[in-house]
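Peer 1: First, the structure itself, so that you have it in front of you.
Please treat every number below as a calculation from the coordinates, not as lab data. Just so it is clear, the model here is predicted, and its values are computed rather than measured. Cβ atoms come from the backbone with ideal geometry, glycine included; neighbour counts cover every protein chain shown.
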Amino acid sequence: MKVVLLAGGFGTRISEESAFMPKPLIEIGGMPIIWHIMKSYAYYGHNEFIICAGYKQHEIKEWMRNYYLNSSDITFDYRDKQDKCIVHECHAEPWKVTVVDTGLNTMTGGRIKRIQRYVENETFMMTYGDGVCDVDINKLIDFHKTHGKIATLTAVMQDQSKGVLDIGGDNAVKSFREKRICDAAPINAGFMVLNPEIFDYINDDSTVFERESLERLADDGQLMSYMHHGFWQCMDNIREKNSLDKLLQSGQAPWKKWND
């Protein structure tokens with residue numbers, strides 16, 4: 001199953017870093033946060049990624065292009081006036097990565113719409129390129145398969161100002177609304193599973209997925225929640241970046257299930 005990563009925003013709330021690079025390339029523990037997200041999916045056997053790039057999209061392409069060489073032992077041999085590159089040992093991942101320029105000012109729904117031809121008529125996973133989580137991806141997929149609805153999102157309980165969900169006793173999302181100050185309710189943590197019918201809920205580049213699309217899905221009874229009681233943290237600001245860094249440095253990062 002393909003994994004779609006939203007990685008095109010400006011990252012204005014962490015401008016200390018995003019002024020110089022796209023937010024998904026901001027490093028925690030010496031590697032970009034998008035790499036951590038991809039490693040989390042790969043841990044469960046999902047190795048094909050579609051990255052919805054936008055702001056400074058060329059830098060994401062360059063990082064992915066250079067990842068193979070930067071993760072390997074290399075000999076550069078310029079003798080005899082030739083340019084030889086010998087790879088001795090490669091530590092890169094067995095990933096297939098498609099980076100798509102989905103536009104500079106495109107909204108989240110529009111970015112998803114633009115990669116429809118790469119997903120084709122398949123169910124796919126989607127999440128944001130700035131949040132890490134220790135959710136069991138395969139259990140999430142299994143849950144999605146049980147209810148037959150178009151969309152499943154991962155919900156977590158957080159005392160934060162994120163998009164708020166009203167979830168019924170049967171786990172159906174009854175409504176989806178934008179954040180209010182001091183909300184303490186289930187929130188949308190991303191890590192979604194989406195059937196191809198999702199594209200019918202996206203109009204054009206101006207569609208905000210978290211508003212028009214999710215709200216319509218909820219109204220139509222097509223949005224379900226997978227409640228996750230473990231770790232989730234986005235990286236919206238420098239304080240949250242530093243917190244994630246400290247978890248990695250202490251060896252207590254819950255999302256890091258893979259071995260180095």
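Peer 1: Sort out the exposed loop GluC sites (Glu not before Pro) in the chain (DSSP loop, at most 16 other Cβ within 10 Å) and tell me the longest stretch that has none. Walk me through the intermediate numbers first.
Peer 2: Details: sites that count: E120, E122, E178.
Longest run free of exposed loop sites: 1-119.
Peer 1: Got the relative contact order for the stretch 118-260 handy, in percent, Cα pairs under 8 Å and 6 or more residues apart? Let's see the in-between values first.
Peer 2: Values: 232 pairs, mean separation 48.5, N = 143.
Worked out over the stretch 118-260, it gives 34 percent.
Peer 1: So if I place +1 on the C-beta of Lys and Arg and -1 on the C-beta of Asp and Glu, and nothing else carries charge, what would the dipole magnitude of the stretch 171-256 be about its Cα centre? I want it in debye, nearest 20.
Peer 2: Taking the Cα centre of the stretch 171-256 as origin, the dipole is about 620 debye.
Peer 1: Let me ask you something else. Within a 10 angstrom radius of the beta carbon, how do T12, T207 rank from fewest other beta carbons to most?
Peer 2: Fewest-to-most Cβ neighbours within 10 Å comes out as T12, T207.
Peer 1: In debye, nearest 20: dipole of the chain around its Cα centre with unit charges on the Cβ of K, R (+) and D, E (-)?
Peer 2: Taking the Cα centre of the chain as origin, the dipole is about 100 debye.
Peer 1: Can you give me the angle between helix 238-249 and the longest principal axis of the chain, using Cα atoms only, in degrees from 0 to 90, rounded to the nearest 10?
Peer 2: Tilt relative to the chain: about 60 degrees.
Peer 1: Just to confirm the number: angle between the C-alpha axis of helix 57-70 and the first principal axis of the chain, 0 to 90 degrees, nearest 10?
Peer 2: 50 degrees
Peer 1: Follow-up question, since we're still on this one. Do the sum for the chain: with -39,500 (n - 2.57) for every DSSP H run of n ≥ 4, divided by all residues, what is the mean residue ellipticity at 222 nm, to the nearest 500 deg cm²/dmol?
Peer 2: Result for the chain: -7500 deg cm²/dmol, rounded to the nearest 500.
Peer 1: Not counting the cut sites, what is the longest span of the chain without trypsin sites (Lys or Arg not before Pro) that DSSP labels loop and that have at most 16 other Cβ atoms within 10 Å?
Peer 2: 1-178
Peer 1: Expressed as a rounded percentage, what relative contact order does the stretch 1-128 have, with Cα pairs under 8 Å and six or more residues apart?
Peer 2: 35 percent
Peer 1: Between 0 and 90 degrees, rounded to the nearest ten: what's the tilt of helix 33-43 against the longest Cα principal axis of the chain?
Peer 2: In the chain, helix 33-43 runs at an angle near 80 degrees to the longest axis.
Peer 1: Same structure again: Given an 8 Å cut-off on Cα distances and at least 6 residues of separation, report the relative contact order of the chain as a percent.
Peer 2: 23 percent
Peer 1: Rounded to two decimals, what is Rg over Rh for the stretch 3-249 when you use alpha-carbon atoms and the Kirkwood radius?
Peer 2: Radius of gyration relative to Kirkwood radius: 1.00.
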